1. Please report, to two decimal places, log10 I(q)/I(0) for segment 57-167 at q = 0.13, 0.14, 0.23 Å⁻¹ as given by the Debye formula with identical point scatterers on the Cα atoms and no solvent.
2. How much of the accessible area of the chain, in percent, comes from carbon and sulfur atoms when a 1.4 Å probe is used?
3. Estimate the FRET efficiency between SER85 and ASN142 by the formula 1/(1 + (r/R0)^6), using the beta-carbon distance for r and 25 Å for R0, to the nearest 0.05.
4. Hey, how many Å between the Cα centroid of segment 1-44 and the Cα centroid of segment 49-98?
5. When the solvent-accessible surface of protein heavy atoms is calculated with a 1.4 angstrom probe, in what order do SER24, SER85 fall, highest first?
6. For all pairs of alpha-carbon atoms in segment 128-167, what percent lies in each bin of width 10 Å, listed from the first bin to the last filled one?
7. Using a simple charge model, +1 on the beta-carbon of Lys and Arg, -1 on the beta-carbon of Asp and Glu, nothing else, what dipole does segment 23-76 show about its Cα centre, in debye to the nearest 20?
8. Need the list of lysines near LYS105 for cross-linking: C-alpha distance under 23 angstrom, and skip anything on the same chain fewer than eight residues off.
Amino acid sequence: MSKIKGIHPGAILKRELKSRGLKSKELANLLDEHAQTISSIVNEKRGINPSLSIKLGRQFGAEQDYFMLLQASYDVEKTIEAKQSNTPDLSKIRAALFWDTDFKKIDWQKKQKAVIKRIFECGNDVEINEIISFYGILVVKNALKNSNNDFLPAFKHNLVRFKIINK
């Protein structure tokens, strides 16, 4: 089960149909389901409900909750992916801070150290808090631990205020 966690149950069902030489319409008839329902699941456009999981389990000699567990695992994986955004909330960060680059094309992961430094140099409280929230305090501290910027007083002030360094 651990090898297929997070995979859409339709992909597993499709593989099983292929190995048994069945078409989705034939399976639908065996299960007394609509052909469109099985087709949508096989094409990963629809999920599995408990009733169908029981029918599929019986048909394929699996536990009755097997396909439901696959569905739950897939749903959890998709929820995690949705929450792990590749960008911070850009409505909280002024594009003007990144005047020297195309704000819409910033790779927030590859350029994280430069982004963090820029925000601490010129950002306001909302922007700094968004960056801390997005990257996490440990990543921010690590990115700034050896930073030295004596010419912008706000930088050092922000490092102390947001407890990145001790005074």
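The values are calculated or read from the model by the stated rules, or taken from the named source; none is laboratory data. These numbers come from a predicted model, not from an experiment. Virtual Cβ from ideal backbone geometry, glycine too; neighbours counted across all protein chains shown. Keep in mind that these areas ignore ligands, DNA and RNA; they rest on the heavy atoms of the full protein, side chains included. Shrake-Rupley method; radii C 1.70, N 1.55, O 1.52, S 1.80 Å.
1. -0.57, -0.62, -1.29
2. Working: 5500 of 10900 Å².
So the carbon and sulfur contribution to the accessible surface is 50 percent.
3. Details: r = 20 Å, r/R0 = 0.81.
Taking R0 as 25 Å, the efficiency between SER85 and ASN142 is 0.75.
4. 18
5. SER85, SER24
6. Result returned by the calculation: 30, 60, 10.
7. Details: 6 positive and 7 negative charges, 38 e Å.
That gives a dipole near 180 debye.
8. Within the straight-line limit of under 23 Å, LYS105 reaches these lysines: LYS83, LYS92, LYS113, LYS117.
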